[in-house]
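Trainee: Dumping the structure here so I can ask a few things about it.
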Amino acid sequence: MPVRIVKNCMLFVLSLSWKFWCVVQAHRLSSPPHIVFIVADDLGWNDVSWHNPDIVTPNLERLARDGIILNQSYVQPVCTPSRTAFMTGYFPFHVGRQNHVLHPLEPTGVPLKFTLLPEKLRDYGYSSHAIGKWHLGYCNWSYTPTYRGFDSFFGFYSGSEDYFTHTRGQKDFLYFKEGTEWQWLNSNTGLDFRQGTSPATNYSGKYSTHVFARIMTNLLSTLDPSVPHFFYLPFQAVHGPLQVPKKYMRFYENIKDKSRKIFSGMVTALDEAVGKIVASLKKYGFYRNSVIVFVTDNGGQVQSGGNNWPLRGNKGTLWEGGTRGPSFVHSRLLEETGYISNKLVHAVDWYPTFVDIAGGLPDNTMDGVSQWTTLRTNGPEVRNEFVYNIFDTGRKPPKDAIRVGNFKLIRGFPGDPSGWIPPPSVHFTHASAQQCYVRRKGYEEEIRLFNIQDDPTERYNLVHVLPDRVQKMIHRLEEHRATMVPADDPPDNDHGNPKFWNGIFSPGWCEAH
Ligand SMILES: *[C@@H]1O[C@H](CO)[C@@H](O)[C@H](O)[C@H]1NC(C)=O
Ligand SMILES: *[C@@H]1O[C@H](CO)[C@@H](O)[C@H](O)[C@H]1NC(C)=O
Ligand SMILES: *[C@@H]1O[C@H](CO)[C@@H](O)[C@H](O)[C@H]1NC(C)=O
């Protein structure tokens, strides 16, 4: 395209006004915006300062308020499914990744037939860089970031680990309660940290939030801002384990609960990292032509310091507390800023939105829709419906949920904790979270209908009030369910155990498909 423009320009080069037009057009067409996609991990609705003044996130809040706060931005209940949606543009129930997170020894990943976002952006001249947590499969090199479109990667492949040693166990972490704290079990059997494809063995003792910010600022200093870049920044923060350098806890003298205090410090460290990254975007000439998007991968994990108040439920549940996250867009390219948008946005929308920003055309077979024109111009809502999830449990009754307009219908057990859990500002007892466990006999058969506009905290079940709407929404869910791909959940395979790989979680022990 730029070549053709330049040729046309040559024809009109005698005319001064055309010359000016040519320069403007060539510039406009040759450099689409940089995309900076920041993903927090397990950051809950009530864990940012614009929802909760007890939390110290001045950098994030400034970006949010000077951009567009997305007040109805939805994700999946857990990590791998949300990241699948970000990277494919499809609901996880169309990918086979709808049921749970990938375990470290699970021999699979995101199917290779899906063109991941960075690979797609390559068509539009973008180079792409991922810094942070992958969690979309690593058992075969073909599943790993630098084989799926990223020009560079720095980070870890699995879902969680120690923030300082960058090691973890070969099984998923288990929580146990010691005094009032939750601890990790079995946390030190393998290193999971890489620079490109090589193990990064020299970062022990360095806090991952700091490391990732430093890697990003160093990277920016080496790149050319006149060509477009996609930066995917999925931070480890603020997932468990609860670890933070002490200095971040001094902001939270008022919080007595130790988990919440450490967790809040972790959020502030994340905020500081984002502040440093934005300062570097400015310093190295990227900022003016960039679109910064901030999301979380799922709701807060109450057992690990997070909080979703006043929303109902927790990470891992179909309640709003598990699926509605703090989010914003910040860019000098937005025509209107400084407002809170209640238009529906879902995790699947970022892929087509970024392709649109890059200059690509929409793919109408995709679940996601581009939000770009709406965001840029404060235009009309482009989404009226989304699927919270369709679980493939292999048995009846079904477990799924859908949103249509203001209404949300949930079938089956939405997940525990199911209550409304306030932040533990004085002294949080885990017993209070336990009280919110409402699972009981027959719960699986229940159906719930909420008007999220009027009742965002899901207190009034309208299932007997609006039976026609219930039938319509069940019908719609069944239509979606008919398109479901079976969940791809193979049993763990000990061939991936780091004891066979020099103590390092490594690819090379499964067939990619
Ligand atoms: C770790 O080693 C790599 C490769 O030699 C080097 O590029 C990097 O700067 C080192 N990082 C630290 C924190 O020492
Ligand atoms: C954002 O959403 C919350 C929860 O639904 C709602 O209470 C609040 O009024 C919304 N904010 C704005 C400005 O619309
Ligand atoms: C990775 O997957 C490809 C495609 O299925 C397969 O040919 C290759 O052998 C796998 N690698 C390993 C080390 O198993």
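The values are calculated or read from the model by the stated rules, or taken from the named source; none is laboratory data. This one's a predicted model, so the numbers in the text were calculated from it and none came from an experiment. Methodologically, a virtual Cβ is constructed for each residue, glycine included, from the backbone with ideal geometry; neighbour enumeration extends over all protein chains shown. Surface areas here come from the heavy atoms of the whole protein model, side chains and all, with no ligands, DNA or RNA. Shrake-Rupley method; radii C 1.70, N 1.55, O 1.52, S 1.80 Å.
Trainee: Would you mind counting up the charge near D42? Only other residues with Cβ under 12 Å from its Cβ, with Lys and Arg at +1 and Asp and Glu at -1. Provide the component values of the computation, followed by the final result.
Mentor: Numbers: positive: K133, K315; negative: D41, D47, D297.
Once positives and negatives cancel, what remains is -1.
Trainee: Relative contact order of the chain: what whole-number percent is it, with Cα pairs under 8 angstrom and at least 6 residues apart?
Mentor: 24
Trainee: Ordered by packing density, taken as the mean number of other Cβ atoms within 10 Å over each peptide's residues, highest first, how do 341-352, 52-63 rank? Please report the intermediate quantities before stating the final value.
Mentor: Numbers: 341-352: 23.5, 52-63: 18.9.
Packing proxy ranking, top to bottom: 341-352, 52-63.
Trainee: Okay, next question. Quick one: Debye curve from the C-alpha atoms of the chain, no solvent, what's log10 I(q)/I(0) at q = 0.08, 0.09, 0.13 Å⁻¹?
Mentor: The Cα Debye sum returns log10 ratios of -0.49, -0.62, -1.33.
Trainee: Over 19 Å between Cα atoms, which of K246/K283; K133/K343; K315/K399 qualify?
Mentor: On the way: K246/K283 29 Å; K133/K343 29 Å; K315/K399 16 Å.
Table pairs above 19 Å Cα-Cα are K246/K283; K133/K343.
Trainee: How many angstrom lie between the C-alpha centres of segment 256-283 and segment 62-90?
Mentor: If you average the Cα positions of each part, the centres end up 19 Å apart.
Trainee: Please list 3J(HN,Hα) in residue order for segment 375-385, calculated via the Karplus relation 6.51 cos²θ - 1.76 cosθ + 1.60 where θ = phi - 60°; whole Hz, with x for glycine and proline.
Mentor: Those phi angles translate into 5, 5, 10, 6, x, x, 4, 9, 10, 10, 8 Hz.
Trainee: Pop out the carbon and sulfur fraction of the accessible area of the chain as a percent, whole number, probe 1.4 Å. Walk me through the numbers before you get to the answer.
Mentor: Values: 11280 of 20500 Å².
Carbon and sulfur: 55 percent of the exposed surface of the chain.
Trainee: Multiplying the sequence separation of E479 and Y443 by 0.36 nm and subtracting their Cα-Cα distance, what value in nm do you get? Could the numbers behind the result be given before it?
Mentor: On the way: separation 36, 0.36 × 36 = 12.96 nm, distance 2.36 nm.
Length gained between E479 and Y443: 10.6 nm.
Trainee: In sequence order, what are the phi-derived ³J(HN,Hα) couplings for segment 240-245 according to the Karplus relation 6.51 cos²θ - 1.76 cosθ + 1.60 with θ = phi - 60°, rounded to whole Hz, with x for glycine and proline?
Mentor: x, x, 6, 9, 7, x
Trainee: So, one more: Sorted by average packing, counted as other Cβ atoms within 10 angstrom per residue and highest first, what order do 207-219, 230-242, 394-406 take?
Mentor: Values: 207-219: 20.1, 230-242: 24.5, 394-406: 16.2.
Going from most to least packed, we get 230-242, 207-219, 394-406.
Trainee: Could you bin all the Cα-Cα distances of segment 275-425 into 5 Å bins starting at 0 and give me the percent of pairs in each, rounded to whole numbers?
Mentor: Pair shares across the bins are 2, 8, 14, 17, 17, 16, 12, 8, 4, 1, 0, 0.
Trainee: Where does the charge balance sit around K133 when Lys and Arg score +1, Asp and Glu -1, over other residues with C-beta under 14 Å from its C-beta? Walk me through the numbers before you get to the answer.
Mentor: Working: positive: R83, R168, R194; negative: D41, D42, E161, D162, D192, D297.
So the environment of K133 carries a net charge of -3.
Trainee: Any idea of the accessible area per residue across the chain, 1.4 Å probe, to the nearest Å²? Don't skip to the answer; put the middle values down first.
Mentor: Details: 20500 Å² over 513 residues.
On a per-residue basis, 40 Å².
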